[in-house]
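Presented below is the structure to which this report refers.
The values are calculated or read from the model by the stated rules, or taken from the named source; none is laboratory data. Here the structure is a predicted model, which is why all the values come from computation and not from measurement. Here the Cβ positions follow ideal geometry from the backbone for every residue, glycine too, while neighbour counts run over all protein chains shown. Only protein heavy atoms, including side chains, enter the accessible area calculation; ligands, DNA and RNA are left aside. Shrake-Rupley method; radii C 1.70, N 1.55, O 1.52, S 1.80 Å.
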Amino acid sequence: MKEKVIEKVKELLDAGKIQGFLGLREQNGHVQPHLFTSAEDLSGLSLGDRKKSGDARYPLAKVLLQLAKSFPDATFGLLVRGCDERGLIELIKWNQLAKDRVVPVGIACPAELAEACACRKPYPEDLVAGEKTEGVPQSADVAKIEILSAQDRFKYWMSQFDKCVKCYGCRNICPMCFCNECSLEESELIQKAVLPTENPIFHLTRAVHMVGRCIDCGLCEEACPADIPLRTLYKKVAELIADETGYRPGEDADEKCPFNVYGVA
């Protein structure tokens, strides 16, 4: 797949359609975000596949937000998987990125990665490399918790939230956290430097804030040092919203999120 991505990016750079390509690079034993500005640099391109597919992922769209602010007149290419494309679509809807300043270069996730993530759509529409695989319509982790009684579900989530060290890793890595002022830092709502954290306020506040935004990339759970099953929580929230409104973030570029449209009953 990497060869096809390199070929596409070279084409975009040579034609002057992009001024740089934001992807991943493996250097000194580490995979990290990198802005490729010349075809010669692309030999170091990584797709984030080391010991297994997708085991080195980053919120590249969030990095792109900073680049776009620094270089508002530049057009950038962006390496995207299915979840990354969903994030890109939502950031454009929320007026965080200009559609004509981003060129997605998509790669498909293999079936094993799609299964591990319980991803509904493990490939982007702008597919350059890889084969489309079937999505996973329902998360087994959500199903396991749903069969519990209300009391047992409450005990389960409280025990998970009590592990939180309030590192803000989930907030910091989330590609959909772009607010200038974060409600999780409002001292009247959540006290700082207090352990244990005020549970369940911290995580429930964030879960509510991600309504209509979460793209199900799973980076929050990967970043959590306490192994809190955050993805399971947000998947359930997404299912509730989809049942009520029919809306799933990032699935339709032309559909407005019902929570940022004024006048919706």
- [ ] Could you please tell me the mean projected area of the C-alpha convex hull for the chain, averaged over all directions and given in square nanometres to one decimal?
- [x] 15.7
Task: Residues whose placed amide H lies under 5 Å from that of LEU24, excluding near-sequence neighbours - done: HIS34, SER46
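Leaving out ligands, DNA and RNA, what percent of the accessible area of the chain is carbon and sulfur, probe 1.4 Å? Mind dumping the intermediate values first?
Values: 7120 of 14050 Å².
Whole-percent figure for carbon plus sulfur exposure: 51.
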Task: Percent of Cα-Cα distances greater than 19 Å, calculated over region 164-258 - done: 42
Open item on the list: As I understand it, the value is the acute angle between the Cα axis of helix 2-14 and the longest principal axis of the Cα atoms of the chain; what does it come to in degrees, rounded to 10?
Closed with: 60
Open item on the list: Using each residue's phi in region 166-182, evaluate 6.51 cos²θ - 1.76 cosθ + 1.60 at θ = phi - 60° and report the 3J(HN,Hα) Karplus result to the nearest Hz, with x for Gly and Pro.
Closed with: 6, 7, 6, x, 5, 5, 5, 8, 5, x, 9, 9, 10, 5, 5, 10, 9
- [ ] Enumerate the amide H contacts of LEU127 below 5 Å, restricted to partners 5 or more residues apart or on another chain; note that Pro and chain-start residues carry no placed amide H.
- [x] none
- [ ] Pick out which of PHE21, PHE154, PHE76 has the largest mean-square fluctuation in a Gaussian network model of the chain, springs linking Cα atoms closer than 10 Å.
- [x] PHE154
TODO: Determine ³J(HN,Hα), in whole Hz, for all residues of region 52-63 in sequence, where each value follows from phi through the Karplus function 6.51 cos²θ - 1.76 cosθ + 1.60 and θ = phi - 60°; x replaces Gly and Pro.
DONE: 8, 5, x, 8, 10, 10, 9, x, 4, 5, 6, 5
TODO: Could you check which residue among LEU22, LEU184, LEU148 shows the biggest mean-square fluctuation in a GNM of the chain with a 10 Å Cα cutoff?
DONE: LEU148
TODO: Can you tell me the order of 207-215, 79-87, 174-182, 134-142 when each peptide is scored by its average per-residue count of other Cβ atoms within 10 angstrom, highest first?
DONE: 79-87, 207-215, 174-182, 134-142
Task: DSSP beta bridge pairing in the chain, given as percent antiparallel to the nearest 5 - done: 45
TODO: Express in nm, to one decimal, how much length is gained between THR245 and ASP152 on full extension, taking 0.36 nm for each residue of separation and deducting their alpha carbon distance.
DONE: 30.7 nm
- [ ] Please give the calculated 222 nm ellipticity per residue for the chain, where each DSSP H segment of at least 4 residues contributes -39500 (n - 2.57) and the sum is spread over every residue; nearest 500 deg cm²/dmol?
- [x] -10500 deg cm²/dmol
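Tell me, what does the Kirkwood hydrodynamic radius of region 48-171 come to in angstroms if you use every pair of distinct C-alpha atoms? Could you put the intermediate results ahead of the total?
On the way: mean 1/r = 0.0592 Å⁻¹.
Result for region 48-171, one decimal place: 16.9 Å.
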Task: Backbone HN-Hα couplings from phi across region 24-29 [Karplus 6.51/-1.76/1.60, Hz, Gly and Pro as x] - done: 10, 9, 9, 8, 6, x
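For SER159 and ASP227 in one chain, what is 0.36 nm times their gap in residues minus the Cα-Cα distance, to one decimal in nm? Could the numbers behind the result be given before it?
Numbers: separation 68, 0.36 × 68 = 24.48 nm, distance 1.18 nm.
Answer, rounded to one decimal: 23.3 nm.
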Open item on the list: Report the Rg/Rh value for region 1-81, based on alpha-carbon coordinates and the Kirkwood definition of Rh.
Closed with: 0.95
Open item on the list: For the chain, what does the accessible surface come to per residue with a 1.4 Å probe? Please give it in Å².
Closed with: 53
Open item on the list: Using 24 Å as the Cα-Cα cut-off, could you pick out the over-long pairs in LYS51/LYS166; LYS52/LYS93; LYS2/LYS62; LYS52/LYS163; LYS155/LYS235?
Closed with: LYS51/LYS166; LYS52/LYS93; LYS52/LYS163
- [ ] Over 19 Å, how big is the tail of the calculated P(r) for region 35-111, in percent of all Cα pairs?
- [x] 39
